[in-house]
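The structure appears right after this line, and notes come after that.
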Amino acid sequence: MSHQTGPRTEAGKQASSQNNRQHGLSTANIIVSAEERPFFDQMESELRDEIVPAGPLEDFAFQRLITANWQLERCRQKEASLRAQESTEQNEANLEKVRRYYLRWEGSYNSALRQIPMLQTDRAIQAYSNGQRPETFSPLADVSKIEEFARRMARPITVDDQVRHALSTQQAILTIEKQIQDLGSVPVTGHTYLKAAKAAAAASAR
């Protein structure tokens, strides 16, 4: 059984490349004819209004989504055109190629659709981190995740929080070592270390 690996001769490669340019399904540089331009612009406008991308990263993901969505529609149209033709070996080969392109662009579309909500969620969380509460959330942002982060930011700081903060600095480590020394001959166990750390944090909070 033979296994097709694509055109091998230079003429075959050029013919294959020409076919790809003609239907435009294999490239991210999408082809929009003058007749198709109003439909493309409408699709982009409606999706932009629904998703509301902000910043270069979100816009880049949005452009990936637009490209994939447009190419998926072209794949559907190409498949419908091929199915309307007489069934031949070449026609079946072309259908198989279109199906492969469809799966490729479907994966790209789903990837962008997963990335945009994550970017919009991270943007809102970053705003909270900077002390700026967003008036509204982006349409695809994970509101529950943002609100959970906001609750953690708003809750009172406990001694344990102070311990974690104190342990992140060299000064705190030196303070803890002094506290341990002040305990005298008590064995330095995990409990003793935590006790000293809490004492150091409480002292630094005063």
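The values are calculated or read from the model by the stated rules, or taken from the named source; none is laboratory data. This structure is a prediction, so every number in the text was calculated from the model and none was measured. Here Cβ is always computed from backbone atoms with ideal geometry, including for glycine, and neighbour counts include all displayed protein chains.
Just so you know, in the stretch 86-108 the residues that are of a type in the set (S, T, Y) and surrounded by 13 or more Cβ atoms within 10 Å (Cβ to Cβ) include one that is farthest from G24 (Cα to Cα), and it is S108.
Scanning the stretch 132-177 for residues that are at pLDDT below 75 and among the β-branched types (V, I, T) turns up I157, T158, V159, V163, T169, I173, T175, I176. Selection of first residues in the stretch 38-55 that are closer than 17 Å to Q71 by Cα and in the same structural domain as Q115 (by TED's automatic domain parsing) and of second residues that are of a type in the set (A, V, I, L, M) and in a helix (DSSP H, G or I), restricted to Cβ pairs under 8 Å at least 6 apart or on distinct chains, gives the following pairs, ordered by first then second residue: M43/I66; E44/I66; L47/L65; L47/I66. Can you say whether P117 is modelled with pLDDT of 90 or more and not in a helix (DSSP H, G or I), as far as the supplied structure shows? In short, no.
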